[in-house]
Amino acid sequence: MANLVAMRRQLMAFRTALIQMPVFSSGRPDSDEKADRQTAQLENIGLQLQLILRDLINSENLARVQHGNLRKVPLDQRWSATQSVEQRTREVAEAIAEAQNLADQVKDLLQRNGIITPIQAAKKTMDLIEDLEKHLPGHTQAVTSQPTNMPIYTSSETGPPQVESLVPLVTLICLGIRYLKQRSSSKAK
């Protein structure tokens, strides 16, 4: 519980820090140096918020496990244990909502106020794609057959893995899910 209290205090400190930042009220700073400093501060707050969110989600999972184990508590102690677990679950859910709200505000400040330009965002996305390409286990390639024009996915023995090669597979999965949803909704009517 003390850990949750410390995280809530840190969230309040982040909210105060965000409100006091000039970028919160006046938009993009005049000089690039100030913009870079504020970007670094906002990114640091964003990273710390991600860590807090991770810890809060772990606390939420622990509360779920504890809630599932309430049947094992002796009957005379079960009511107080249930109340305790439910209160903790509510408090963790409120802290998660607050942390997510702050993370959204940090993202909004970085994008809306022009600290991160669309070109910088695209560059970060490309860097992420390159990192993903390095860590993908295999390379999938779509090959169309002559008679049916249906894509067949095969594994290539040469070349590094490419994120672009997963696009047809993801598209196929999305289309399948959409088809199943439409089919189930038409049966429901």
Handout entry: Meets criteria (more than 16 Å from the chain's Cα centre (by Cα), closer than 19 Å to PHE14 by Cα and modelled with pLDDT of 90 or more) for GLU94
Key = yes
Practice task
Pull up the range 101-111, narrow it to residues that are within 13 Å of MET21 (Cβ to Cβ) and at pLDDT below 85, then point me to the one that is most open to solvent (accessible area, probe 1.4 Å).
Solution key: ASP108
Practice task
Could you check, for the range 29-38, whether at least one of its residues is among the polar types (S, T, N, Q), modelled with pLDDT under 85 and open to solvent by less than 100 Å² (accessible area, probe 1.4 Å)?
Solution key: yes
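The values are calculated or read from the model by the stated rules, or taken from the named source; none is laboratory data. A quick note: this is a predicted structure, and the numbers were derived from the prediction, not measured. Every residue, glycine among them, receives a Cβ derived from its backbone with ideal geometry; neighbour counts consider all protein chains shown. Side chains included, ligands, DNA and RNA excluded: accessible areas come from the protein's heavy atoms. Shrake-Rupley method; radii C 1.70, N 1.55, O 1.52, S 1.80 Å.
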